[in-house]
Amino acid sequence: MNPFKDKRPRLALTLGDPAGIGTEVILKALADPEVGKNCDLVVIGSGDLLLRTYKNLTKSSVCLANPAELSVIDVPTTGEIIPGVGNATSGAASFAYMEYAISQTLAGEFDGIVTAPIAKSAWKSAGYNYPGQTELLADKAGVERFGMLFVGRSPFTGWTIRALLATTHIPLRQVADTLTPQLLTQKLDLLVECLERDFGIENGRIAIAGLNPHSGEMGQLGTEEIDWLIPWIESERCKRPNMQLEGPIPPDTMWVKPGIAWYGNSEIKNPADAYLALYHDQGLIPVKLMAFDRAVNTTIGLPFVRTSPDHGTAFDIAGKGIADATSMKEAINLAVELVNRRLAV
């Protein structure tokens, strides 16, 4: 008998950059009685900032959770936080929240982390040069194999899109040189493991994008496909005979079936279980076009679950009460789902 089978997931929920919309979307999300009812949530950040947001926005009749009724761990920070102004002070605070959540999760206090958005520029101003939260998580967890998987469940059809990025926060001019058969094998291994462990999908179908327009047009629009991408896919098919690996699919058409599956406006069926995009915008433009208000970023390859809303700090609307908390709700719900699946094994 598994002693963890009936255990409630314990989740750390970080405030993100306190000058952004993190406090607002957290309070809005937790005001929904269906969110978090099947887990134990602890907010990592500042009770005073949560209370300030609560007092400011309740005047506008915005439905918010009462901070006094939440479990909050205060992480000491210094300096004044001004809504809408991301700077070294807010960057240092958001970094401190993350460090605390990671250390406590690695110590066994939490099963997973849900992170509100941070500003990379504010981290840099504070002296932290990580490209993002994903890289900090991997570094602190001591893992070299990790990836950014974006997950969204369609409100129209219930279909779930899963898109993994082969390269993430690097300049576009570096993408072609960074991509290698070794890197793609690592990402594909992670994706296969994630499908099996976190979603219960064995021998799934994975669609792999080409790099160049029309996947190179037989070398006329770029030679990466001919030089190594097609041979790599063929070798992976031989290594994984029970899986369906499709590609390289021209990037401009790979997202047609997912779009149809998301909106349910055609009889075309059989979308893939997951999609492997070769660089950041190749995957995130279509994902955000379909699922901007509900997509979730989950870091795969970590020894614990980590999810995050698929949006930024939105400094321009911070403190105005108009931020959409749907993606935060989805991030919490997905974290619960993933932790429960791992605990049940």
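The values are calculated or read from the model by the stated rules, or taken from the named source; none is laboratory data. Bear in mind the structure is a predicted one, so any value in this text is a computation, not a measurement. In this analysis, Cβ positions are derived from the backbone assuming ideal geometry, glycine residues included, and neighbour counts consider all displayed protein chains. Areas reflect the complete protein model, heavy atoms only, side chains present, ligands, DNA and RNA absent. Shrake-Rupley method; radii C 1.70, N 1.55, O 1.52, S 1.80 Å.
A few notes on this one:
- 24 Å Cα-Cα reach of LYS288 towards lysines, excluding residues that sit fewer than 8 places from it in its own chain: LYS28, LYS120, LYS187, LYS257, LYS269, LYS320, LYS329
- Loop-located GluC sites (Glu not before Pro) across region 179-268 with a Cβ neighbour count of 12 or fewer within 10 Å are GLU202, GLU267, with loop assigned by DSSP.
- Take the chain with all the other protein chains still there, run a 1.4 Å probe, and you get 44 Å² of accessible area per residue.
- Identified option (computed semi-axes √(5λ) of the Cα gyration tensor in Å; candidates (1) 35, 22, 20; (2) 39, 29, 18; (3) 33, 24, 19): (1)
- Averaging Cα coordinates gives a centre for region 57-90 and one for region 209-276; these two points are 44 Å apart.
- Label point distance in nm, ASP189-VAL143, each placed 7 Å from Cα along Cα→Cβ: 1.3 nm
- Estimated FRET transfer efficiency when R0 is 51 angstrom, pair HIS214-GLU109 (beta carbons, to 0.05): 0.50
- Taking only protein heavy atoms and a 1.4 Å probe, the accessible area of region 148-271 is 51% carbon and sulfur.
- By definition, a body whose alpha carbon gyration tensor gives a ≥ b ≥ c is rounded when a/c is under 1.5, and region 145-300 falls into this rounded group.
- Using every pair of separate Cα atoms, the Kirkwood estimate puts the hydrodynamic radius of region 14-55 at 10.8 angstrom.
- The chain - charge dipole about Cα centre, Lys and Arg +1 at Cβ, Asp and Glu -1, debye rounded to 20: 640 debye
- Kirkwood hydrodynamic radius of region 195-250, from inverse mean 1/r over distinct Cα pairs, in Å: 12.1 Å
- A Förster radius of 41 Å combined with the Cβ-Cβ distance from ILE73 to GLU246 puts the calculated FRET efficiency at roughly 0.35.
- Ligands, DNA and RNA left out, the accessible area of region 285-335 computed with a 1.4 Å probe is 56% carbon and sulfur.
- Dipole of region 145-300 [Lys/Arg +1, Asp/Glu -1 at C-beta], most positive-end residue of THR185, GLY147, LEU221: GLY147
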